[in-house]
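Right, I'll just put the structure down here and ask away after.
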Amino acid sequence: MRQTLTRLVRDPWAWLGLGLFAVYLRGLFLDVMDVDASQYASISMEMLQTGNWLEVQHRHADYLDKPPLLFWTSALSFALFGLHNWAYKLPSLFGILAGVYATYRFCLLFYPKETARFAAFILAACMGVLLMGNDVRTDTLLMGMTACAVWRVAVLYRAARPGFAEVLWAGFFVGLAMLAKGPIGLIMPVFAVGTHLALRRDWARLVEWRWLLALTVAAVVLIPMCWGLYHQFDLHPEKTVNGRTGVSGLYFYFWEQSFGRITGENVWKNDTSPFYFLHVYLWAFLPWPLLLIGAFGRRMTDLFQQKMRLLPGDEAFSIGAFLLTFVALSMSKYKLPHYIFVTLPWAAVLVARWLAGAYCRTPFGAHESGATTRVAPTEQVQPGKTVGATLVVAPLVVVLLLAASALLLAFVFPTMSVWKWATFLALFGVAAVFLWKKTPERLVQSGVLAFLGTAFVVNFHFYPNLLPYQSTASAPRFAREHGIPAERMGFFNRHGHALDFYAGHILTQIDSPEQARRTAAETGDFWLYTDSTGRARLDSASVRYNPVATFGHFQVALLKPEFLSPSKRDKTLTPVYLLKIEPQ
């Protein structure tokens, strides 16, 4: 036992893992941000309060947009632990951990342990995953469940005589991935295994019974959601949903919400460029995007040199899951940055494979027969060739993250905290030292340390100073601290989903000064959240009120350069008010 502990203390990977755990754990306690994350949190809260788990509602109205996995898991977490930031985010943190673990286990099927470790740490230490852990949306669970699905599909593919467990796990995770965000949960594993079969010219494997059984299991997992959609929408064509009647919940889920964004049937369009996600990756995959360029280029060059055929023991699950999913999402007429985060595990595998510089060879014919026995690599690419080019760009990325983090500490929200500056400088100092040793292991460890330096500043300093500017969270907190009952609160002319979540209650929507006056007459004192325009409308209608509190509001999920400048910040804030409407 003592020897094991000694090895762990001396193992840099153990300390890096502890550091990653610390920054993600801190993220659990940060406020839920408007717009999407707070909306999903309020939907989960409403689901728990109404007990209606199969027919999703939002503010007492039918909701048809995202599948229910996030709502189910967060509502269950609320039931167990109460309405807290960390309770909402906890299931999604487990989703991130599942994605990292699945990436590691997938790599062990085809690569040495060193490559698997690289891939797991690269995925855990990238800015997109950090953002998913803070601003929790459906994509967090989607990334984790699709990673698990591809891993288990690869296990199912390799099994010589698959048993019930292999089929069950593959189908189960495909089903969960579809419950997370729709058909993309099935499409990505299909892209992965399809690419592998195509590059192996293994067409006979396409018609095996194992795939049909796994799809059957996935269909069973989807039954509760499908039942809810059918009873909520398909049986009630008279309902108006998103301005339309005759809406089929099942058609919307299985086609319109995903494929409709490519065909144009979906009403959501922002006409972004097909190259939009290339720009996103430059920050979402930090500190690894420049390495990904080299890794992807090397992978495609190898495939072309091999005439688009895999070498024995090689795999193409990762390139299919990454490239084909990337292309498919880029064809959508509506894109947001977090949509592409589902590909991050497979970008991590590509970079890890390139840095490790090794293929895991299996005996000829073993893979075709489904053998699962792993053997040591028989061919290695010289590490010097792999790492040489990366040593030129890796320091640039570390310096970039160092400068950005120092800017947050010294300028955006300046601090003289000794422990913050000391931790920040120590992490980046060790990262710089690790760069001197020219090995893939030290390169990955240096990247993780640079990420930790930035993530530490973001989660322990930047967000704690930024999120108080979100008045939709601070106003309900103020009300609770001053004994204002949530049942007698409402909003007028301005709303944010965080209002409902932090009030712990679906607040009353006031549409006119007359309604505000009438509500106060019926209930007694009534507190109203509004902005300057709403207050002016109340004044024009001679509605009597007493100002209770004033807040400076900023949409924290949409940062602007003016806000980041302390001298200009006040000009970006919108004044909002909590008013006490008295009976008249």
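Take every Cα pair under 8 Å in the chain that's 6+ residues apart, average their separations, divide by the length, and report that relative contact order as a whole percent.
It rounds to 16 percent for the chain.
Compute, for the chain, the length of the dipole vector about the Cα centre, with Cβ point charges of +1 (Lys, Arg) and -1 (Asp, Glu) only. Units Debye, rounded to 20.
Charge dipole of the chain: 1840 debye, to the nearest 20.
Please report, in whole Å³, the volume per residue of the convex hull around the C-alpha atoms of the range 85-380. Present the calculation step by step, with values, prior to reporting the outcome.
Values: hull volume 41.6 nm³, N = 296.
Dividing the Cα hull volume of the range 85-380 by its residues yields 140 Å³.
With charges only on Cβ, +1 for K and R and -1 for D and E, what is the dipole size of the range 85-380 about its Cα centre, in debye, rounded to 20? Please list the in-between numbers first.
Values: 26 positive and 16 negative charges, 82 e Å.
Computed about the Cα centre, the dipole is about 400 debye.
Give the value in nm², to one decimal: projected area of the alpha carbon convex hull of the range 383-467, averaged over all directions. Before the final figure, lay out the partial values.
Working: hull surface 21.2 nm².
Spelled out: convex hull of the Cα atoms, projected over all directions, averaged, 5.3 nm².
Need one word for the range 53-102: rounded, prolate or oblate. Basis is the Cα gyration tensor (sqrt eigenvalues a ≥ b ≥ c); a/c below 1.5 gives rounded, then a/b vs b/c decides. Don't skip to the end; give the middle numbers.
Numbers: a/c = 2.85, a/b = 1.51, b/c = 1.89.
It is oblate, given that a/c is not under 1.5 and a/b is not larger than b/c.
Additional query: Please pull out the direction-averaged projected area of the range 1-135, using the convex hull of its alpha-carbon atoms, in nm² to one decimal place.
10.6
For the chain, just say rounded, prolate or oblate: build the C-alpha gyration tensor, square-root its eigenvalues into a ≥ b ≥ c, call rounded for a/c under 1.5, and beyond that prolate if a/b exceeds b/c, oblate if not.
Oblate is the answer for the chain, as a/c is 1.5 or above yet b/c matches or exceeds a/b.
Among SER77, LEU564, ALA498, flag the residue with its Cα farthest along the positive direction of the charge dipole of the chain, charges on Cβ as +1 for Lys/Arg and -1 for Asp/Glu.
Going by the Cα projections, it comes out as LEU564.
Which order, highest average first, do 333-344, 208-219 follow once you tally other Cβ atoms within 10 Å for each residue and take the mean per peptide?
333-344, 208-219
How would you rank 299-307, 39-47, 79-87, 56-64, highest first, on the average number of other Cβ atoms within 10 Å across their residues?
Per-residue mean Cβ counts within 10 Å order the peptides as 39-47, 56-64, 79-87, 299-307.
What distance in nm separates the simple spin-label points at THR245 and PHE29, each placed 7 Å from Cα in the Cβ direction?
Label at THR245, label at PHE29, 5.3 nm between them.
Oh, and also: Tell me, what is the FRET efficiency for THR523 and ALA22 to the nearest 0.05, using R0 = 51 angstrom and their Cβ-Cβ distance as r?
0.65
Determine the dipole magnitude for the range 470-581: charges of +1 sit on the beta-carbon of Lys and Arg, -1 on that of Asp and Glu, nothing else is charged, the reference point is the Cα centre, and the result goes in debye to the nearest 20.
So the dipole magnitude of the range 470-581 works out to roughly 280 debye.
Which angle between 0 and 90 degrees, to the nearest 10, do you get for helix 383-407 versus the longest principal axis of the chain when only C-alpha atoms count?
Computed tilt is about 20 degrees.
Using a cut-off of 18 Å between alpha-carbon atoms, which lysines can reach LYS571, once sequence neighbours fewer than 8 places away in the same chain are excluded?
Those lysines meeting the cut-off are LYS560.
To continue, here is another question. Would you please put 24-34, 546-556, 233-243 in order of how densely packed they are, using the mean number of other Cβ atoms within 10 angstrom per residue and starting with the highest? Present the calculation step by step, with values, prior to reporting the outcome.
Numbers: 24-34: 20.5, 546-556: 16.2, 233-243: 13.4.
For the peptides 24-34, 546-556, 233-243, the packing ranking is 24-34, 546-556, 233-243.
Coordinate-derived values only; no laboratory data. Small disclaimer: the values here were computed from a predicted structure and weren't measured. Every residue, glycine as well, gets a Cβ built from its backbone with ideal geometry; the counts of neighbours run over all protein chains shown.
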